[in-house]
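All remarks here apply to the structure that follows.
Here, each number is a calculation from the coordinates, and none is a lab measurement. Note that the coordinates shown come from a computational prediction; the quantities given were computed from them, not determined experimentally. Cβ atoms come from the backbone with ideal geometry, glycine included; neighbour counts cover every protein chain shown.
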Amino acid sequence: MPAPVAIPFFSGSGHTRRLAKAVAEGMDAARLIDVEMITAEDWAALDAAPAILFGTPTYMGSSAARFDAFLEEASSRWPEQLWADKLAGGFTVATYPSGDKLNTLMRLVIYATQMGMLWIGPNAIGAPVDATRPGINRDGAMLGLMATSSRDKTHLIDSEDRETARLYGARVTQAVQHFRI
């Protein structure tokens, strides 16, 4: 069995963790890695993974500082190009529908491409383009997965965003299978 897709994430209030779990539900095999509790085994899993999906909340228009600290530490893999040619993707969640989430995704794309990785965005098309899929990709994001914090704090992430996340996980699984033939 191939190594699972690695999903390193930071979650300040639980929203990003919930989104990471939803992404993982769409995959054949995934390893969730909370970057605040990263272990040597987690680093080895990141290095072995065919794909890495980065997850961070958007705080004040950018990725969370605690996630940025993980990215800075992970950049030690750059000189040897240990993550080159791995598939990459990312996701974020913010309080507002815009919330400047695009800026966070752009930060993740730039990081991944500097590491030599190949970026995979979501391809789920929902309403209003496809009226049979209301709520799917309701932010219209194609660079990466975007979600909006649920107003119902018992859910953290609304069901539409959870389903969009699951579909993104499935897309990444298909990409891994396609590129690893």
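Listing for the model above:
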| quantity | calculated |
| --- | --- |
| Length added when fully stretched, residue 114-residue 29, from 0.36 nm per residue minus Cα-Cα | 28.0 nm |
| Whole-number D in µm² s⁻¹ for the chain, Kirkwood Cα-pair radius fed into Stokes-Einstein, 25 °C, 0.890 mPa s | 153 µm²/s |
| Distance between modelled label sites at residue 78 and residue 154, nm, 7 Å Cα→Cβ extension | 4.6 nm |
| Ranked list, fewest to most other Cβ atoms within 10 Å of each Cβ, for 101, 21 | 21, 101 |
| Sequence-distant residues sharing a close amide H with residue 88 (under 5 Å, placed H) | 52, 118, 119, 120 |
| Normalised contact order of the range 5-179, rounded percent, pairs of Cα under 8 Å and 6 or more residues apart | 26 percent |
| 25 Å Cα-Cα reach of residue 153 towards lysines, excluding residues that sit fewer than 8 places from it in its own chain | 21, 101 |
| Listed residue (129, 24, 154) projecting farthest to the positive dipole end of the chain, Cβ model | 129 |
| Least to most buried among 142, 37, 115 (fewest other Cβ within 10 Å first) | 37, 142, 115 |
| Sorted by Cβ density within 10 Å, fewest first, the residues 52, 120, 38 | 38, 120, 52 |
| Cα-centre dipole for the range 1-46 with unit charges at Cβ (Lys and Arg positive, Asp and Glu negative), debye to 20 | 160 debye |
